[in-house]
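Peer 1: Take this structure, written in C-alpha cells, and hold onto it; I'll ask about it next.
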Amino acid sequence: MRKDFIGVIAVVAVFVAGGTILMQSKMLPEEHAQDFRTLENISLQSEVKVLQEPTPANNTYIYAINDVAKESWEIAKKDPRVQQIIGEARGGRALTVAAVQPSAFVSLEGKVTHSGLGQVVITQNWQFVDGRPYVQAGFSELDGRQGQSRQKIWNVAVDLERDKVVSIQDEQEHVMTETLRKDIVYGGVNMYLPERVTADAGSTVRWVNESAIKHNVVGVYRTASGAEEKLDSGFFGQNEDWEHTFAEAGTFDYHCTIHSEEGMKGTLTIAAP
C-alpha cells in the first residue's frame, strides 16, 4: 500500500515538475497573454521514429513520436512487467508499441522543453474465424463465416528523470464480432476485421464503420508493376463506408491515423487474376 502511495506521489511530482519547467522557460501562454500566438511562438516537435517494422516471423511494430518519447520506450522495455507483456504477444498476435509522451515543444529560439513523464501504449491484437486463430485468407473463403477481433491495451507511465516505470494500467479487453462478407472490411473499436485479407484484382473493397467513433483508411497501394498510389478515405462515422477499386495485383498497407497507437492497421493483398 505504501509503495502504491509513493508511486502516485511520484507521478504527481513529475507532472508538477513538468509544469514548473514550462513556467521557468516562459513558454506558457499566460506568460505572454497579450502577444501570444498559438503555433507561432511555440511549435510541437513531432518526428515519428519507426523503431521496428513487422515481419512475417515477428508481427511487432514499434514507434515513437519524437526522440524524447523514444527514451520512454528505452526505459520501459527494461522493466520485467513490460517484458512479460511483450513476451505474451505470440501465436499470431499483432503487437504495437507506441511511445506517445512526452511531447516536445520548441521555442522561437530553438529551445526544446518537455515534461519528465513519458507514456508508452502497448497493444495486442488477435483474430479468430469460426473460433479458430486467424492470420490471413481470401475474401471468398471468409464469406458467411463468423469473425472475431480481440484487443488488449496497457498504458505504461515512465519517469524519465528517475529512469524507471512508475505504473502500468491495463484496459478492459475489447471484442468485435461480425459475420464476414466478401470484399468488406469492418471497422470497430479501434480494430479492422479482417485485419489481413486477400482480394482478387479488379475487386472493389469496402470499409464499413460499425462503431460510434470516426475512423479513416490511409495508406499506400503498391502494385506489382511498381506503381504507388496514396489513398486517403477521409473520416467516416458510424454506418458510413468508403470503397476503392484495386485494378491490379499488389499490396495495400493502411491504418487509421487517429488510432494507430492502438494498432488499428491492416493489409490488403491483391492477387493476380
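Peer 1: Restricting to segment 236-273, name every residue that is assigned to a loop (DSSP other than H, G, I, E, B), more than 15 Å from Val197 (Cα to Cα) and either touching a Cys at 6+ places or on another chain (Cβ under 9 Å) or of a type in the set (D, E, K, R) (or both).
Peer 2: If the condition is that a residue be assigned to a loop (DSSP other than H, G, I, E, B), more than 15 Å from Val197 (Cα to Cα) and either touching a Cys at 6+ places or on another chain (Cβ under 9 Å) or of a type in the set (D, E, K, R) (or both), then Glu240, Glu248 are the ones that fit.
For (1) at pLDDT 95 or above; (2) under 19 Å from Gln148 (Cα atoms), each residue gets a yes or a no:
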{"position": "Glu171", "(1), (2)": "no, yes"}
{"position": "Met176", "(1), (2)": "yes, yes"}
{"position": "Arg181", "(1), (2)": "yes, yes"}
{"position": "Val185", "(1), (2)": "yes, yes"}
{"position": "Gly202", "(1), (2)": "yes, no"}
{"position": "Val218", "(1), (2)": "yes, no"}
{"position": "Arg222", "(1), (2)": "yes, no"}
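Peer 1: Go through segment 107-157 and give me each residue that's touching a Gly at 6+ places or on another chain (Cβ under 7 Å) and of a type in the set (Gly, Ala, Ser).
Peer 2: Scanning segment 107-157 gives Ser115, Gly116, Ser149.
Peer 1: Is it the case, given these coordinates, that Phe252 is over 17 Å from the mean Cα position of the chain (by Cα), closer than 26 Å to Val100 by Cβ, surrounded by 20 or more Cβ atoms within 10 Å (Cβ to Cβ) and modelled with pLDDT of 95 or more?
Peer 2: Against the criterion (over 17 Å from the mean Cα position of the chain (by Cα), closer than 26 Å to Val100 by Cβ, surrounded by 20 or more Cβ atoms within 10 Å (Cβ to Cβ) and modelled with pLDDT of 95 or more), Phe252 qualifies.
Peer 1: Taking Thr113 as meeting all but one of (1) over 18 Å from Tyr254 (Cβ atoms); (2) open to solvent by less than 50 Å² (accessible area, probe 1.4 Å); (3) under 24 Å from the mean Cα position of the chain (by Cα), write down the number of the exception.
Peer 2: Exception for Thr113: condition (3).
Peer 1: Would you please list the contacts, defined by Cβ atoms under 9 Å and residues six or more apart or on different chains, that run from a residue in segment 216-239 that is farther than 16 Å from Asn190 by Cβ to a residue that is among the basic types (Lys, Arg)?
Peer 2: Note: pairs meeting the criteria are Gly219/Lys230; Gly219/Lys265; Val220/Lys230; Tyr221/Lys230; Glu228/Arg222; Glu229/Arg222.
Peer 1: Name the residue that is farthest from Asn190 (Cα to Cα), counting only residues in segment 138-176 that are polar (S, T, N, Q) and surrounded by 14 or more Cβ atoms within 10 Å (Cβ to Cβ).
Peer 2: Across segment 138-176, the extreme among qualifying residues is Ser167.
Peer 1: Does any residue of segment 119-136 turn out to be among the small types (Gly, Ala, Ser), free of Cβ contacts under 8 Å to residues at least 60 places away in the same chain and within 30 Å of Arg181 (Cβ to Cβ)?
Peer 2: yes
Peer 1: Select, from Glu262, Glu243, the only residue that is open to solvent by 70 Å² or more (accessible area, probe 1.4 Å) and touching a residue at least 12 places away in the same chain (Cβ under 8 Å).
Peer 2: Sole residue among the options that is open to solvent by 70 Å² or more (accessible area, probe 1.4 Å) and touching a residue at least 12 places away in the same chain (Cβ under 8 Å): Glu243.
Peer 1: Are any residues in segment 51-65 open to solvent by 70 Å² or more (accessible area, probe 1.4 Å) and either among the acidic types (Asp, Glu) or at pLDDT 90 or above (or both), and if so, which ones?
Peer 2: The answer is Glu53, and nothing else.
Peer 1: Here is a follow-up. Testing Ala94 on (1) under 30 Å from Glu195 (Cα atoms); (2) in contact with a helix residue (DSSP H, G or I) (Cβ under 8 Å, 6 or more places away or on another chain); (3) of a type in the set (A, V, I, L, M), one condition comes back false. Which one is that?
Peer 2: With respect to (1) under 30 Å from Glu195 (Cα atoms); (2) in contact with a helix residue (DSSP H, G or I) (Cβ under 8 Å, 6 or more places away or on another chain); (3) of a type in the set (A, V, I, L, M), Ala94 is out only on (2).
Peer 1: May I pose another question? Could you look through segment 116-137, keep only residues that are open to solvent by 20 Å² or more (accessible area, probe 1.4 Å) and outside any strand (DSSP E or B), and pick out the one that is modelled with the lowest pLDDT?
Peer 2: Per the criteria, the residue is Val135.
Peer 1: Test Leu160 against the criterion of being among the aliphatic types (A, V, I, L, M) and touching a helix residue (DSSP H, G or I) at 6+ places or on another chain (Cβ under 9 Å), and give yes or no.
Peer 2: In short, yes.
Peer 1: Let me ask another. Out of all the residues in segment 66-83, is one or more over 20 Å from Ile168 (Cβ atoms), touching a helix residue (DSSP H, G or I) at 6+ places or on another chain (Cβ under 8 Å), of a type in the set (Val, Ile, Thr) and crowded, with 16+ Cβ neighbours inside 10 Å?
Peer 2: Taking every residue of segment 66-83 in turn, none turns out to be over 20 Å from Ile168 (Cβ atoms), touching a helix residue (DSSP H, G or I) at 6+ places or on another chain (Cβ under 8 Å), of a type in the set (Val, Ile, Thr) and crowded, with 16+ Cβ neighbours inside 10 Å.
Peer 1: Looking at segment 53-77 only, could you name the residues that are assigned to a loop (DSSP other than H, G, I, E, B) and of a type in the set (Phe, Trp, Tyr)?
Peer 2: Within segment 53-77, no residue meets the criteria.
Peer 1: Restricting attention to segment 191-228, which residues are among the β-branched types (Val, Ile, Thr) and open to solvent by 10 Å² or more (accessible area, probe 1.4 Å)?
Peer 2: Thr198, Thr204, Val208, Ile213, Val218, Val220, Thr223
Peer 1: Let me ask something else. Here are some residues: Thr269, Thr204. Which one is over 20 Å from Ala94 (Cβ atoms) and among the hydroxyl-bearing types (Ser, Thr, Tyr)?
Peer 2: Exactly one residue qualifies, and that residue is Thr204.
The values are calculated or read from the model by the stated rules, or taken from the named source; none is laboratory data. Please read all numbers here as calculations on a predicted model, not as lab measurements. FYI the Cβ positions are ideal-geometry reconstructions off the backbone, even for glycines, and counts take in every protein chain you see. These accessible areas exclude ligands, DNA and RNA; they are computed on the full protein's heavy atoms, side chains included. Shrake-Rupley method; radii C 1.70, N 1.55, O 1.52, S 1.80 Å.
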